[in-house]
Structure formats: C-alpha cells, structure tokens
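Below is one structure, written out as structure tokens, with a few remarks after it.
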Amino acid sequence: MDHGIAHKASPAEPSLVSLAEIEQAARLLASVAVRTPLVPVPRLHRDLLVKPESLQPTGSFKLRGAYTAISLSGPAAREHGVIAHSSGNHGHAVAYAAALLGVPAVVVVPSTTPKVKTAAIEYYGARLVTVAPTLEARVAATEELVARHGYVLIPPFDDRRVIAGQGTVGLEIAADVPQADLVLVPISGGGLISGIATAIRACRPGTAVVGVEPELAADARDSLRRGERVGWPAADTQRTIADALRVERIGALPFAHIRELVANIVTVTEDEIRTAVRLLASHAGLVAEPGGAAAVAAWLYHTAELPAARTPVAVLSGGNIDPALLAAILAESDRPALAG
C-alpha cells in the first residue's frame, strides 16, 4: 500500500555525522548518561544481548542527544531558553537536561502522549504545550513559539548534535562487545539508528545494523525501499501501540545515514511488540515501553529476515510505559510463536 507522498532528497546531500562528533558527545555525556550494560537474556535466546537504555535517568536513550544538543547550543540557550517537540521521551530528556544545565525549557507534545511522559516533563520544570497528534501540528506550534520568543530549537532527530549524542550508544556497543555482528535498533525519526550505525560501522565495519519499525508505522522501511522519504498519514501511524515510534516521516539527515549505513529495515506486529514487552519483564526483569521493545521483537520473531548472527544486540530504547498498560500486557498469554 502506498501511504503517502514521496519526498525526494535535495541535490546536495547533507554530510553525515562523523565518528569525531560522536566521540565529542561521549565526553560531554561522561558524567550525565549511564553507560548501560549489555544484558544476556538466555530465557529469550541463548545468544541475544539487550542494551537497556530504559536505565537512563529519563528512562530512554533520548537524554544522550538532548544533553549534547543543549550543551553545544552555547549562551543562546541559557539566554533565551530551549524548545522541543516530542512524542514524549525527547521532551522528557530535554526537560531533564535543561534543568541540569540551568536552561529554561518548553516542550510541545501531541494530545495522545501518555501521562507518564507528560508528568515527567512537568516534574523537571519545563512548560508543556499540547497540540493535535500530528507531526505537522507539533512543528507548526514549535516554529510559532520560536518566532515569538527566540527559543533555541532542540530537534528530536533531524539534527547532527542529537544524532552524535545518540551515537554514543553505538560507541559503547562497539567497545563492550567487539564480537557483536548484528545490532537491531528501533526507528522513529531515525536519530538513534543514524548515530548507532555511524559509530558501529566506523569501529566495527563488519557489523550489520538493522532498523525495526511497527508494521503500522513503517515510513522508514518504505522510504528505504523507494530511495526517497515517504510520509505516512498521522491517522495510520496513530494505530500502533508503540507511541514512541509514531513519527510520520523520517528526518532528512537520518535518511541519508540510513541509505549509506543501514543494512535493512524490518517490521514487527502489534502482538509481537506486546509479547516482547511481557517477556522482557518476566524473563529479564527489564521494563520496556512498546517502542522500546521493537528490536527485541524483531529478533524473537523475524530472524529469517535478518542477517545471520552469532552475537546479536537489540537496543531496548526506552521504558516509559503507562503502568496500567504494562499491567494489562503482563496479564496476557503468549500470542505469536517464537521464530526458529
């Protein structure tokens, strides 16, 4: 099915983020972000390692990019404050990072953002602005507030400082498990997989990086197949339980990274996502939000579509799940049959 309008890349492709930029971000984050472990989960698969970015202070990997971007924004951020639009986790990270750096923050979120995420944003003192649940509405509100107040924009994914910060996840994987031959990464706007792929392919050129999306929000998969960015209607992406992965169109700079560095993008079903959330909790003691569990779901149910791997790593990108939803998922029985 063709879900939207294709957006051709401009003739001048943006330059990719460098390993040096990611190493600079790692220095900035040294005392801020947790160096998350690589956790074996033998009850799920004897070889699988999970990198739980849910253990970050803000419950997701987004802290890495947000703190890096605000830190590199200079005195303008402190003078005028920063603004971000987000499905939840980026806003939470911007609020937390801004509080650490003594910078005022405003966060624009869709009305469908789970309360667990909006409450965290407000806890750290950021001003919360709620808009319709589309990327277009978020961008429009953010641009209006920037024009009116002079805030410094901290984009959620289409920004090289943010990508460099997220890339520190890849630096850690390459250093801690040099034998890793496959890294699975959830895709929303594409910042996380862009940074990870840059670091992994620079440090471990033989390692494959594969993206994972919900089949109900597979704009990045469609974009990679067509060779140009494809947008999905917001009404379609809103169907997935994975609220963190509902972005309608991948960013331009992330898409350039994906085309150059990512081996493939696979999709997972809603039942597979829910089961991965439950199995991570019951078999590994790891709390994952639906979007955060997507990469684990891909390894559990779609190995036939993935490169062969002896040491696969799945990035658990976030754990900010509504407690009632987690309880409901934990009460379910296994649905899809495990692969192989």
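The values are calculated or read from the model by the stated rules, or taken from the named source; none is laboratory data. These figures come from a predicted structure and were not determined experimentally. Heads up, the Cβs are rebuilt from the backbone with ideal geometry, glycines too, and the neighbour counts pull from every protein chain shown. Side chains are part of the model used for accessible areas, which takes the heavy atoms of the whole protein and leaves out ligands, DNA and RNA. Shrake-Rupley method; radii C 1.70, N 1.55, O 1.52, S 1.80 Å.
Here is how the numbers come out for the structure above:
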item	result
Cα gyration tensor, the range 148-222 - rounded (a/c under 1.5), prolate or oblate	oblate
Rounded if a/c under 1.5, otherwise prolate or oblate - the range 139-265, Cα gyration tensor axes	oblate
Amide H contacts of VAL106 (H built 1.01 Å from N, under 5 Å, at least 5 apart or other chain)	VAL82, ILE83, ALA84, ARG127
Rg and Dmax of the range 106-200, Cα atoms only, in Å	16.3, 51
The chain, accessible area per residue, ligands and nucleic acids excluded (1.4 Å, Å²)	38 Å²
Reciprocal of mean inverse Cα separation for the range 264-340 (Kirkwood radius, Å)	12.6 Å
Length-normalised contact order of the range 246-340 in % [C-alpha pairs under 8 Å, at least 6 apart]	32 percent
Low-density loop cleavage sites - GluC sites (Glu not before Pro) in the range 240-340, where at most 16 other Cβ are within 10 Å (DSSP)	GLU332
Low-density loop positions, GluC sites (Glu not before Pro), the range 79-140 - DSSP coil, at most 15 other Cβ in 10 Å	none
Spatial separation of Cα centroids for the range 295-331 and the range 165-240, in angstrom	14 Å
Estimated [θ] at 222 nm from DSSP helical runs (n ≥ 4, -39500 (n - 2.57)) normalised by residues in the chain, nearest 500	-12500 deg cm²/dmol
Tilt relative to the chain, helix 252-261 - C-alpha long axis, 0 to 90 degrees, to 10	30 degrees
The range 185-321 shape via C-alpha gyration tensor axes, a/c threshold 1.5	oblate
DSSP bridge pairs, the chain: antiparallel proportion in percent, nearest 5	15 percent
Between helix 191-203 and the chain: long-axis angle, C-alpha atoms, 0 to 90°, nearest 10	60 degrees
Fraction of accessible area attributable to carbon and sulfur, the chain (%, probe 1.4 Å)	53 percent
